[in-house]
Amino acid sequence: MKVVTTIKDLQAQLAAARNEGKSIGLVPTMGALHAGHASLVRRSVADNDVTVVSIFLNPTQFNDKNDLARYPRTLDKDCELLEACGAQLAFAPSVEEAYPEPDTRHFSYPPTDAVMEGARRPGHFNGVCQIVSKLFSWVEPTRAYFGEKDFQQIAVIRRMVEDLGFGLEIVPCPVVREADGLAMSSRNTLLAPEERVIAPLIYAALKASQEFAKSHSVTATIQYVVNRINAVDGLDVEYFSIVDADSLLDVRAWDEAPTIVGCITVYCGSKPIRLIDHIHY
Ligand code: PAF
């Protein structure tokens, strides 16, 4: 596997594949790779002739600078994992390479980027759209792979792809979980041992709510999940919204949308670490 750090080298590496009409899969990441990322890369390797993985801790999507500062950085280990998964190319640009000038573009895709994470992390999805649109322009992939763990992010990126007319396919990939149910996330490594023990209770509550929802209203189900998680010392629900999977708008009844999803963000521990997850009803 080749590792390149400049857009020029990235495009030189991809030129031959493009001229030969080969398919290119892109897996955008911020590094600190785990088995969830590996599943995206393996899927891309299976679907495409060439797989490029970007590793870039994108500063413009962090509204909390402490979150950016403590985000794990593990480039050498990341490259080993990508090699083992069969990726052909890793692209790890510097901030100056990715943003030679401040990016003043403003992306707005309401309601998808205005609710839930969008409402609580001002500028977050704007930053995601800034870097993902750049990556799409540089790589011109046939397909791009995103983990469904960031359920809302996929909805926003789909809107951006339609808006800007990127001729590529977005491939959503299922959440990969630890044996105890905790959704894999680069932030999990930041959990203290006692926090790691309680974090799986988030998914346990979501799973249990699928059964509860069969005989209760949307409002009662929200209360059930929030009460169950907040009853655990060290867990604090920031929001739990039950939404239409397409618009991401709240639903009030189970028959209000063809696909309904519950999206949650929970603060875990004293630092605290922000964990997100979701469940289909
Ligand atoms: O999901 C992520 O890791 C990031 O938001 C992404 C898509 C790589 C953009 O920086």
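Bear in mind that the values in this text are calculations on the coordinates, not laboratory data. In this text, all values refer to a predicted model and were calculated from it rather than measured experimentally. Neighbour counts run over all protein chains shown; Cβ positions are idealised from the backbone, glycine included.
Summary of values
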item: Selection count, the range 95-116, where residues are away from the ligand (no atom under 13 Å from the Cβ), out of contact with any Leu (no Cβ under 6 Å at 6 or more places or on another chain) and not in a helix (DSSP H, G or I); result: 11
item: Single residue of Asp150, Asp163 found to be under 26 Å from Ile260 (Cα atoms) and within 14 Å of the ligand (Cβ to nearest atom); result: Asp150
item: Residues that are among the acidic types (Asp, Glu) and farther than 22 Å from Pro174 by Cβ, drawn from the range 123-150; result: Glu140
item: Count of the range 117-146 residues which are on the phi > 0 side of the Ramachandran plot and within 14 Å of the ligand (Cβ to nearest atom); result: 1
item: Which listed residue, of Val52, Val27, is buried (at least 21 other Cβ atoms within 10 Å of the Cβ) and within 10 Å of the ligand (Cβ to nearest atom); result: Val27
item: The range 1-21: number of residues that are touching a Leu at 6+ places or on another chain (Cβ under 9 Å) and either more than 13 Å from Gln88 (Cα to Cα) or within 16 Å of the ligand (Cβ to nearest atom) (or both); result: 1
item: Search result, residues across the range 1-60 that are under 24 Å from Glu97 (Cα atoms) and small (Gly, Ala, Ser); result: Ala12, Ala15, Ala16, Ala17, Gly25, Gly31, Ala32, Ser54
item: Lone unmet requirement of (1) in contact with a strand residue (DSSP E or B) (Cβ under 7 Å, 6 or more places away or on another chain); (2) within 28 Å of Ala15 (Cα to Cα); (3) among the hydrophobic types (A, V, I, L, M, F, W, C) for Leu81; result: (1)
item: Every residue from the range 182-226 that is of a type in the set (Ser, Thr, Tyr), touching a His at 6+ places or on another chain (Cβ under 8 Å) and touching a residue at least 24 places away in the same chain (Cβ under 8 Å); result: Ser185, Ser186
item: Close pairs (7 angstrom Cβ cut-off, 6 or more residues apart or separate chains): farther than 20 Å from Ser185 by Cα and hydrophobic (A, V, I, L, M, F, W, C) in the range 144-162, more than 10 Å from the ligand (Cβ to nearest atom) and not in a helix (DSSP H, G or I) anywhere; result: Met160/Phe107; Met160/Tyr109; Val161/Leu168; Val161/Ile170
item: Listing of helices (runs of 4 or more DSSP H) fully contained in the range 117-221 that carry 3 or more residues being buried (at least 18 other Cβ atoms within 10 Å of the Cβ) and of a type in the set (A, V, I, L, M, F, W, C); result: 124-139, 151-164, 201-213
